[in-house]
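Below is one structure, written out as structure tokens; comments come after it.
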Amino acid sequence: MDAFNNLMYGFGIALEPTNIAYVFIGVFAGTIIGMLPGLGPISALALMIPVTFAMEPSSGLILMAGVYYGAIFGGSTSSILLNAPGVAGTVATAFDGYPMARKGLAGKALAIAAYASFIGGTISVVFLMLVAPVLGRVAVSFGPAEYFALMVLGLTAVVTLSDKSLVKGLIAAVVGVMISIMGIDLQTGTERYTFGTTHLLDGIDFLVVALGVFALAEVFYMLLRGGGGKEQPRNAIGSLRLSRSEIKEIAGPVGRSSVLGFFVGVLPGAGATVASFLGYSMEKRIAKDGDTFGKGNIKGLAAPETANNAACTGSFVPLLILGVPGSGTTAVLLGALLVMGVSPGPMMLEQRPDVFWGVIASMYIGNIMLLVLNLPLIPLIAKILDMPRPLLLSLILIFCMIGVYGTSFSVFDLLLLLGFGLLGLGMRLFGFPAAPLILALILGNIMEESMRRALQISGGDWSIFIDKPISLALLIIAVLSLCLPLVKKVILQARQTRG
Amino acid sequence: MTRLNSNQILGLIIALLAVGYLAMAFQIPDFPLPRPIDSDLFPKVLGFTLFGLAVMLFLEKPKDRDIPDEIGPEERAKPLLLRPWSRVVITSLAIVAYALLLVPVGFVLTSLALSFGLAWYFGYRRHGVNLATSLGVVLLLYLAMTRGMDVYLPQGILPF
């Protein structure tokens, strides 16, 4: 009952007219910024800090929570329509969202993304409210060994979910990790694989690789397949309505991914990206029609969209309860809170209940606003696909260029983008999956850091990874997930020979 | 001698890359203070893993979907500059030119040239619509980024 009373108290604050206006402005601004190439939730929140200086802390945080949700949804739009994921959390959205858009179901894809985001966000807010204090304690018990095992699991899950060759998936993952460790080693200051150029000292930015192997490679692929001069088929947007059977179909994935996304989001460092990939791979495994994932399956779109929004809410747990930001985005939020004179942590619930419960209530309202605002806008946004193909292809190129240059201000990165575009084209032509490369690129650094820290603690003793029960369990699941396709193959072959 | 299949060729290329990667990994200098794990361990593990995977790929039989389709006779009959691979090469060259001219000439003009020029090259013949759309989108992005978000984009030879 306590939680209910507290939530009512929170709603009292969030439903003040000025705060409702802030949620609305936040969600709207976030959606627009999220759609812009290269600008994700972090940039959107950072841009809002000066705006919130003079505000009441609860109002400031309410505005920022709205921006956060809006930016995540805005990012999904470019993933679905252009296969150009601007932020890591929406990469998995493109796997089935983009094929749906190409089939003329862009409207439906965007509507599913909006519903899935709404439900994922709402369910996870309930979790946040009920279990936040307990989960906060579990999250801190995750040491480097457990993190390393979690990252390994995340990677193997993505490799095995692809219907392409397992060996090629593993090669893509290894190459992704190789790219991620380029630059200065932060633990020793040693340069690795910089080829003597200062441009690579900071490593290669995620955005360069993601836009290269997805968006640019897609443009090249269309040019190669003669898509340049052909006109786009009409009725590219399609209906926004979901049939009863479609709702039934996505209900399960949305429910499961909400829970999964929230719990993954609670773990510092894991965040929306891992959650969305895990959500996708879990559903692909469970689904009877798993072989249609990646070809425009609505479950393959609903699952990562739900999981990434749920994870965003989950990431508020370590921030609000422990004062420890689990991701870059929540780190920016922490900075904003400190500027406003609020120190999140175990005492926040007692000292500033208005802020804590106000934010939770505003998340409910923010999710509703997201739906109300975005559903009517979908036909307008999806009009992009009605453009003649040659014009669309050239504008996608501009979109990629501005995304890369606007974040790094480096001409060298534009040339790297071209390199990754050609690599992506080669991978596509020869059946190498791109998803493991991208996820490995994101996780590689954290994986190496966790591994080295764990070994530092154990004095170089590798048994630390199997001595810890959570780490051992995660590694066993990872190995099993790699072996599962092989076992399946053997069983199938045995059945065929018997039949 | 039998011809190598696509997986065997790729396996050999990746194995060569892995050897190069390992050679560089062995040149990573040691950290002056003794540590259980130094900067070179992870790259070495990655290099050997990639080499092992390359061997596995060499031994794996390619499936139909792993071999790129042949380009049809209709596409091959087109003038050289409009053939599929020419389109990829020319687009790549246009991107290189864009990258080199972006700072001296400025974002608006280079982006407009790239967008308008490539749409025309890809076969769009309504030049007025092409110019209006390219200019509109480029200006909108430029103003949104520079005025709205305070993100710097080179102005080049234009006064704004």
Applying the selection to the stretch A:249-278, what residues are under 15 Å from residue A:93 (Cβ atoms) and either modelled with pLDDT of 90 or more or outside any helix (DSSP H, G or I) (or both)?
A:250, A:253, A:254, A:257, A:261
Given the conditions (1) in contact with a Phe, Trp or Tyr (Cβ under 7 Å, 6 or more places away or on another chain); (2) more than 8 Å from every other protein chain (Cβ to nearest Cβ), report the number of the one that residue A:414 does not fulfil.
(2)
Please state which of the following conditions residue B:68 fails to meet, knowing it meets all the rest: (1) part of a helix (DSSP H, G or I); (2) within 7 Å of another protein chain (Cβ to nearest Cβ); (3) within 23 Å of the chain's Cα centre (by Cα); (4) at pLDDT below 95.
(1)
For the stretch B:37-46, which residues satisfy the criterion of being more than 17 Å from residue A:186 (Cβ to Cβ) and either more than 7 Å from chain A (Cβ to nearest Cβ) or part of a loop (DSSP other than H, G, I, E, B) (or both)?
B:44, B:45
Could you grab me the full set of residues in the stretch B:47-64 that are facing chain A (nearest Cβ under 8 Å), assigned to a helix (DSSP H, G or I) and not hydroxyl-bearing (Ser, Thr, Tyr)?
B:50, B:53, B:54, B:56, B:57
Can you pull out the residues in the stretch A:340-359 that are touching a helix residue (DSSP H, G or I) at 6+ places or on another chain (Cβ under 9 Å) and at pLDDT below 75?
A:345, A:346, A:348, A:349
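Restricting attention to the stretch A:454-466, does a residue exist that is buried (at least 19 other Cβ atoms within 10 Å of the Cβ), hydroxyl-bearing (Ser, Thr, Tyr) and either within 9 Å of chain B (Cβ to nearest Cβ) or out of contact with any strand residue (DSSP E or B) (no Cβ under 8 Å at 6 or more places or on another chain) (or both)? I'd like the intermediate steps shown before the answer.
As a first pass, look at the stretch A:454-466 and keep what is buried (at least 19 other Cβ atoms within 10 Å of the Cβ): A:454-455, A:464-465.
From the residues that got through so far, the ones that are hydroxyl-bearing (Ser, Thr, Tyr) too are none.
No - not one qualifying residue is present in the stretch A:454-466.
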Could you list, in sequence order, the residues of the stretch A:182-215 that are β-branched (Val, Ile, Thr), over 21 Å from the mean Cα position of the chain (by Cα) and within 13 Å of chain B (Cβ to nearest Cβ)?
A:184, A:188, A:190, A:194
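Taking the criterion of being free of Cβ contacts under 8 Å to residues at least 24 places away in the same chain and either touching a Lys or Arg at 6+ places or on another chain (Cβ under 6 Å) or surrounded by fewer than 22 Cβ atoms within 10 Å (Cβ to Cβ) (or both), would at least one residue in the stretch A:396-410 satisfy it? Walk me through how you get there before you give the answer.
Residues of the stretch A:396-410 free of Cβ contacts under 8 Å to residues at least 24 places away in the same chain: A:398, A:401, A:405, A:409.
Add one more test, that the residue is either touching a Lys or Arg at 6+ places or on another chain (Cβ under 6 Å) or surrounded by fewer than 22 Cβ atoms within 10 Å (Cβ to Cβ) (or both), and what stays is A:409.
The answer is yes, given that some residue of the stretch A:396-410 is free of Cβ contacts under 8 Å to residues at least 24 places away in the same chain and either touching a Lys or Arg at 6+ places or on another chain (Cβ under 6 Å) or surrounded by fewer than 22 Cβ atoms within 10 Å (Cβ to Cβ) (or both).
Of all residues in the stretch A:417-428, how many are touching a residue at least 24 places away in the same chain (Cβ under 8 Å) and either β-branched (Val, Ile, Thr) or at the interface with chain B (Cβ under 10 Å from one of its Cβ atoms) (or both)? Full working, then the answer.
Quick first cut of the stretch A:417-428, residues touching a residue at least 24 places away in the same chain (Cβ under 8 Å) only: A:417-425, A:427-428.
Narrowing the set further to residues that are either β-branched (Val, Ile, Thr) or at the interface with chain B (Cβ under 10 Å from one of its Cβ atoms) (or both) leaves A:417-419, A:421-422, A:425, A:428.
Counting residues in the stretch A:417-428 that are touching a residue at least 24 places away in the same chain (Cβ under 8 Å) and either β-branched (Val, Ile, Thr) or at the interface with chain B (Cβ under 10 Å from one of its Cβ atoms) (or both) gives 7.
Might you let me know whether the stretch A:184-202 holds any residue that is aromatic (Phe, Trp, Tyr) and assigned to a loop (DSSP other than H, G, I, E, B)? Please lay out each step first, then the result.
Residues of the stretch A:184-202 that are aromatic (Phe, Trp, Tyr), as a first pass: A:193, A:195.
Within this subset, residues satisfying the condition of being assigned to a loop (DSSP other than H, G, I, E, B) are A:193, A:195.
Yes, that holds for at least one residue.
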Can you tell me which residue in the stretch A:142-168 is surrounded by the fewest Cβ atoms within 10 Å (Cβ to Cβ), limited to those that are part of a loop (DSSP other than H, G, I, E, B) and at pLDDT 75 or above?
A:143
Scan the stretch A:228-241 and give yes if some residue there is within 14 Å of chain B (Cβ to nearest Cβ), modelled with pLDDT under 90, out of contact with any Ser or Thr (no Cβ under 8 Å at 6 or more places or on another chain) and crowded, with 21+ Cβ neighbours inside 10 Å, otherwise no.
yes
Of all residues in the stretch A:450-499 being of a type in the set (D, E, K, R) and not in a helix (DSSP H, G or I), which is nearest to residue A:160 (Cα to Cα)?
A:468
Quick one: what pairs do we get from the stretch B:123-141, first residue within 11 Å of chain A (Cβ to nearest Cβ), second part of a helix (DSSP H, G or I) and of a type in the set (S, T, N, Q), C-beta under 7 Å, 6+ apart or different chains?
B:124/B:130; B:134/B:115; B:138/B:111; B:138/B:115
Would you confirm, using the coordinates I've provided, whether residue A:389 is over 28 Å from residue A:24 (Cβ atoms) and either at pLDDT below 75 or surrounded by fewer than 24 Cβ atoms within 10 Å (Cβ to Cβ) (or both)?
yes
Selected residue (only one of A:292, A:306 is over 24 Å from residue A:118 (Cβ atoms) and at pLDDT 85 or above):
A:292
Candidates A:59, A:78, filtered to the one that is in contact with a helix residue (DSSP H, G or I) (Cβ under 8 Å, 6 or more places away or on another chain), within 30 Å of residue A:221 (Cα to Cα) and hydroxyl-bearing (Ser, Thr, Tyr):
A:78
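The values are calculated or read from the model by the stated rules, or taken from the named source; none is laboratory data. Predicted model only: the values in this text are computed from it and were never measured. Neighbour counts are summed over all protein chains in view; Cβ atoms, including those assigned to glycine, are modelled from backbone coordinates with ideal geometry.
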